[in-house]
Amino acid sequence: MFTFKKKQTATTLEKIPNHIGIIMDGNGRWAKKRLQPRVFGHKAGMDALQDVTIAASDLGVKVLTVYAFSTENWSRPDDEVSFIMNLPVEFFDKYVPKLHENNVRVQVIGELAHLPEATLDAMNRAIAKTKHNSGLVLNFALNYGGRSELVEATKQIAQAVQKGELDPAAINEDTIASHLMTSELPYLYRDPDLIIRTSGELRLSNFLPWQSAYSEFYFTKTLWPDFKRDGLYEAIKEYNQRQRRFGGV
Ligand code: FPP
């Protein structure tokens, strides 16, 4: 339970989602509104990410999965792609110390083999530095695509069947879940309870398609750099009004 105040009105959040997924959208438009290059928006987006991560950690959220770069984002102009690829380096130097102080543990999902070496190295350093932390898991979806994650899982399962290690009749939902990249997350918190998308777009864009089967969705017109701690409170406030039935009555 957590109480926050806005304009003298106190709101109590009874239910805190264990796993929140965020599609951090609108950095480019935020920058454009300020007559700045798009990358200026990504810089501001990193500040927003730190703010939201610490807010989520204060609330007792267990996992925060953030869509930092999708497998489709390579089609952006080269200079923007290389700027985004350099963000983990800046993230490590500027943001990890404070997150580490807050007991945050960094993890990453995505097709990491194809990332530039410096990007991968910075992410690996963040993971190694925070690996003993027991607080919120900040899980970056970096070069992530949900369909290709399912293709990869299918190949692994098919290989296990071919080798005679797995009986096709024994394949169930858990078999699939345990071959997805989110299987590295704490078992009870693999699937997001709440997915937030900023900037007014109403799409999932290949973000955790399997894992979001029973997620609640929250869409806001706020652009990601403006979302911050208060934005998170508003999203969780709305989540508290939802009734999750998981197909039951
Ligand atoms: C979407 O806005 C944002 C991105 C594609 C990148 C977001 C990445 C971060 C905020 C930081 C990631 C941090 C690390 C450490 C990897 P957009 O560019 O699509 O905005 P637009 O829709 O307004 O054009």
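The values are calculated or read from the model by the stated rules, or taken from the named source; none is laboratory data. Everything numeric in this text was worked out from a predicted model, so none of it was measured. Neighbour counts run over all protein chains shown; Cβ positions are idealised from the backbone, glycine included. We work out accessible area using only protein heavy atoms, side chains counted, and drop any ligands, DNA or RNA first. Shrake-Rupley method; radii C 1.70, N 1.55, O 1.52, S 1.80 Å.
Summary of the geometry: the stretch 94-129 and the stretch 38-78, compared by the centres of their Cα atoms, lie 13 Å apart. When the Debye formula is applied to the Cα atoms of the stretch 24-159, each taken as the same point scatterer, what base-10 log of I(q)/I(0) results at q = 0.09, 0.14, 0.22 Å⁻¹? Listed by q, the Debye log ratios stand at -0.28, -0.68, -1.40. For the residue pairs Lys94/Lys237; Lys98/Lys228; Lys94/Lys228; Lys5/Lys228; Lys131/Lys237, the alpha carbons lie more than 22 Å apart in Lys94/Lys237; Lys131/Lys237.
Charges were assigned to the Cβ only: +1 to each Lys and Arg, -1 to each Asp and Glu. The resulting dipole of the stretch 97-162 about its Cα centre is roughly 200 debye.
Take every pair of alpha-carbon atoms less than 8 Å apart whose residues are at least six positions apart; their mean separation over the length of the stretch 1-58 yields a relative contact order of 19 percent. P(r) for the stretch 160-249: what percent of alpha-carbon pairs falls in each 5 Å bin, starting at zero? Using 5 Å bins, I get a P(r) of 3, 11, 17, 18, 18, 14, 8, 4, 4, 3, 0 for the stretch 160-249. In this rough spin-label picture, where each label sits 7 Å from Cα along the Cβ direction, the Tyr187-Ala213 distance is 1.8 nm.
Solvent-accessible surface of the chain, taken per residue with a 1.4 Å probe and all protein chains present: 52 Å².
In the chain, a dipole from Cβ-located charges (positive for Lys and Arg, negative for Asp and Glu) runs towards its positive end, and of Leu202, Thr3, Ile23 it is Thr3 whose Cα lies farthest in that direction. One compactness figure for the stretch 54-118 is 1.28, namely its Cα radius of gyration divided by 2.2 N^0.38 Å. Could you give the DSSP H helices of the chain that reach 15 angstrom or more along their long axis (alpha carbon positions) and whose average Kyte-Doolittle hydropathy is no lower than 0.0? Those that pass (Cα extent of 15 Å or more, hydropathy at least 0.0) are 38-59, 78-90.
With Rh defined as the Kirkwood radius, the inverse of the mean 1/r over Cα pairs, the Rg/Rh of the chain is 0.97.
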